[in-house]
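Just below is one structure, and these are the notes that go with it.
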Amino acid sequence: MKKISKKVVLAGNFGVGKTSLVRKFVYQKFSDEYLSTLGVKIDRKVLHIGDTELTLVIWDIAGEVNGSKIPTSYFLGASGLIYVIDLSRPSTYANVQEEITYLEGLMEDVSICLIANKLDLVEAKDLTHTQQVVKRTIDFFTSAKTGENVNEMFYFLARKLLQVPT
């Protein structure tokens, strides 16, 4: 069995659910209590995909995505980027294209997943509108609270990182 380690960065605005997504995936836990991440929180999760043992080193980065708030060194060596927006707060995806373009400039050959979180707080009719506003393919609509699509999203990115058909 091959053993590989890959760094994955979660980015997006404050309060979009980055930490909740990681907690649900790594620890199968959810809390309604909002705890702001300070700086960066790093977790690990080992996945078995085919004949590979993949350790995801998940960097949950606090705050807004621009050079003045987050040290660019946090992004060095990242193979994957999960950019999270909050479906219930349109302000969190108003500049998503510009922010992802900025992040792509910081990381070479990065696999990107755009995640629309808090699916449990919106109605199905709102999803089409969000997709049109974002103007970029949303890879998964997730809910850290219910767990909907959380594991699927991380495994999807893991397969992309290993270049295994998704």
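Just so you know, all these numbers are worked out from the coordinates, no wet-lab data involved. None of the values given here were measured: they were computed from a predicted structure. Neighbour counts run over all protein chains shown; Cβ positions are idealised from the backbone, glycine included.
With R₀ set to 25 Å, the beta-carbon distance separating V46 from S73 gives a calculated FRET efficiency near 0.50. Close amide H pairs (under 5 Å, H built 1.01 Å from N) link L47 with L54, T55, L56, residues at least 5 positions away or on another chain. Using equal-weight Cα scatterers in the Debye expression, the normalised intensity of the range 39-144 in log10 at q = 0.15, 0.20, 0.22 Å⁻¹ is -0.72, -1.15, -1.29. With 23 Å as the limit, the listed pairs K45/K160; K6/K118; K29/K118; K29/K135 have K6/K118; K29/K135 beyond it between alpha carbons.
Computed from backbone phi with θ = phi - 60° and the Karplus coefficients 6.51, -1.76 and 1.60, the 3J(HN,Hα) list for the range 91-106 is 4, 6, 10, 4, 10, 4, 4, 5, 5, 5, 4, 4, 5, 4, x, 8 Hz; x is used for glycine and proline. For the range 90-119, the residues whose amide N sits under 19 Å from a probe point set 7 Å from the Cα of D32 along the beta carbon direction are 118-119.
Taking a quarter of the surface of the Cα convex hull of the range 72-133 gives a mean projected area of 4.6 nm².
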